[in-house]
Amino acid sequence: MTKDNVFHKPYVDERDKNNLEGLLEQLNLPPAVITFVRNHKRAVQAAAAVIVVAVVVWALYDGYRENRIQEARSALAAASVAEEQELLAKLAAVEADYGGTDAARWAAITRAQELAKRGETGEALALYEEIRGSVKKSSPLYPLLIFGIAATRETAGDYEQAAAAFTSLQSMQGYAELGYLGLGRVRERQGDVAAALKVYEAYLASAPAEAGSGQRTLVEEKIARIKASL
């Protein structure tokens, strides 16, 4: 008699290959499982088919999504080095062609920055606000967008709205210094040097003495200048 071993494959009649119960017995499943499958054969077959289809579809989608992300990154890199006269159009094309990707969002932010740099503050602000509406406050992009809005409003002369945006930055990690300095600068532009002095003094009180020594020196000089003018 031939000994059973891992290299010995039991003979299965072709007519039994589609026999689910026979297959279960070949797999040495517990009797309770075999009984359950036998009693719910159609449901089990349908569920298995759904699972197989779902796995295949997910694998195909995952591959498509990864390819799209890579294409979006390449498109953004190419757009970022475009000539100035083509830059805005190419960035907008990345947004349109790859919506929903991180590259598309960065293309929009870069386009808003470029619009602000060119003095088109109205369009820049509209774009910044649109992006902010699609970003959660917990996103690391949120403070960057607030800073963009604050700086653009300052450039446009919307000082009170710029001041509000800079004030909100003071409580955001990594942006507090920009918030204080931006607010102080806005108050100076408004001619309210007393308010600017308070902001700068608050910055010195909140910033660690050993950090940002260059900025501290600059702010201390501003404070001395303002006090001398009062």
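Evaluated on region 111-168, the Kirkwood hydrodynamic radius is 11.2 Å, with distances taken between all distinct Cα atoms.
Report the percentage of all Cα-Cα pairs in region 138-210 whose separation exceeds 18 Å, rounded to a whole percent. For region 138-210, the fraction of Cα-Cα distances above 18 Å is 35 percent. Label-to-label distance, S229 versus S206, with points set 7 angstrom from Cα along the beta-carbon direction: 2.2 nm.
Quick one: ranking E188, E221 by accessible area, 1.4 Å probe, largest first, what do you get? Numbers along the way, then the final one.
Values: E188 45, E221 110 Å².
Heavy-atom accessible area, descending, gives E221, E188.
Full extension of the segment from E83 to K198, taken as 0.36 nm per residue of separation minus the current Cα-Cα distance, would add 37.0 nm. Expressed as a whole percent, the proportion of Cα-Cα pairs in region 93-230 lying more than 24 Å apart is 37%. Compute the Cα gyration tensor for region 169-230, then decide on rounded, prolate or oblate, letting a ≥ b ≥ c be the square roots of its eigenvalues: rounded whenever a/c is under 1.5, prolate when a/b is larger than b/c in the other cases, and oblate in all that remain. The shape class here is oblate. Ranking A224, L183, Q161 by Cα position along the charge dipole of region 140-229, where only Lys, Arg, Asp and Glu carry charges on their C-beta atoms, puts A224 farthest toward the positive end. Scaling against 2.2 N^0.38 Å puts the C-alpha radius of gyration of region 40-135 at 1.62.
The values are calculated or read from the model by the stated rules, or taken from the named source; none is laboratory data. These numbers come from a predicted model, not from an experiment. In this analysis, Cβ positions are derived from the backbone assuming ideal geometry, glycine residues included, and neighbour counts consider all displayed protein chains. With ligands, DNA and RNA removed, areas are computed over all heavy atoms of the protein, side chains included. Shrake-Rupley method; radii C 1.70, N 1.55, O 1.52, S 1.80 Å.
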